[in-house]
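The values are calculated or read from the model by the stated rules, or taken from the named source; none is laboratory data. Keep in mind it's a predicted model, so treat the numbers as computed, not measured. Here the Cβ is made from the backbone with ideal geometry for all residues, glycine too, and neighbour counts use every protein chain on show. These accessible areas exclude ligands, DNA and RNA; they are computed on the full protein's heavy atoms, side chains included. Shrake-Rupley method; radii C 1.70, N 1.55, O 1.52, S 1.80 Å.
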Amino acid sequence: RFQDAADALPDGMLILNKTNRIEWANPSACRMLGIVTPKDIGQTITNLLRQPDFLHYLLASDFSKELELQSPRNSEQSLLLQIIPYGSSQKLIICRDVTHVSKLEAMRSQFVGNVSHELRSPITVLSGYLETLQNIRINSEKDLVRPLENMTDQVKRMERLVTDLLMLSRLETEPVKLTNETVNVPAMLTQMKESAALMSGDKHHQLEFKIDESLQLMANQDELRSLFTNLISNAIRY
């Protein structure tokens, strides 16, 4: 009954004897670690898992922390593995597929890195203008128009980046809130078309919104508006 229950688990479970030979493995462990039963029963685990990190983890006998490694069957699959000693020198290995989590973390790190890089440009522009204005003589207000316009644009750019960072932080830390709010999408997009025209300004983009007048969505209105704003803003800017 225990084995039947373990076979149904999405996490991999593997039992080693005191010489680190495989005694039993559930189907999930076989899929993740490339183990073939019954052929591999009795094999030493290091013959199948040859990664140096795993060998060091096994020999160090410090199993207080988990080990992340690539699946031997799929280099793009990340596994989180932990060894739990029990009984008479036996070991239970539990492994979990964390590919999705690893990809999200990589995307988050890349996003933060990109934002940090993006922030350097407006800061450099602002610093340059401020240094210039401190060291030149202003003859008329017209001399300030262009620098102030550029500085304002750079400040707005930084505000957008900071807003994106705050949104990312909120999405990562706050629990998902289900909502039964009905959003009138055509009315929202009609308002946003007017804002888009103002955003376009003197560039005079040709804006065309094809809206299904019957479209209603169950959604979070603020987040949906943020989504559409980003799409429209990117379309106009790029």
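Given R₀ = 25 Å, FRET efficiency for Phe2-Gln77 by Cβ-Cβ distance, to 0.05?
It comes out at approximately 0.40.
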Problem - Cα centroid separation - the stretch 132-173 against the stretch 202-217, whole Å - result: 29
Practice task
Provide the FRET efficiency to the nearest 0.05 for the Leu126-Met167 pair, computing r from the beta carbons and using R0 = 22 Å.
Solution key: 0.40
Practice task
Would you indicate which of (1) 181; (2) 124; (3) 230 is the value of volume of the Cα convex hull per residue in Å³ derived from the coordinates of this structure?
Solution key: (3)
Handout entry: Heavy-atom accessible area per residue - the chain, 1.4 Å, Å²
Key = 70
Practice task
Kindly report, to the nearest 10 Å², the accessible surface of Tyr86 as traced by a 1.4 Å probe over protein heavy atoms only.
Solution key: 90
Problem - Net lengthening on full extension, Glu68/Gln90 (0.36 nm per residue, minus Cα-Cα) - result: 5.8 nm
Completion exercise
Output for the stretch 1-85: GluC sites (Glu not before Pro) sitting in coil per DSSP, at most 14 other Cβ within 10 Å, listed by number, reads Glu76
Problem - Carbon plus sulfur fraction of accessible area for the chain, probe 1.4 Å, in percent - result: 53
Handout entry: Ser109-Thr44 pseudo-label distance in nm [points 7 Å out on the Cα-to-Cβ vector]
Key = 3.3
Practice task
Assign one of three labels to the stretch 159-238, namely rounded, prolate or oblate, based on the Cα gyration tensor with a ≥ b ≥ c the square roots of its eigenvalues; rounded applies when a/c is under 1.5, prolate when it is not and a/b is larger than b/c, and oblate otherwise.
Solution key: oblate
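Kindly state, to the nearest 0.05, the FRET efficiency for Ala197 paired with Gln134, given R0 = 45 Å and r defined as their beta-carbon distance.
0.75
For the stretch 128-196, what percent of Cα pairs sit more than 14 Å apart? Provide the component values of the computation, followed by the final result.
On the way: 1812 of 2346 pairs.
It works out to 77 percent of all Cα pairs.
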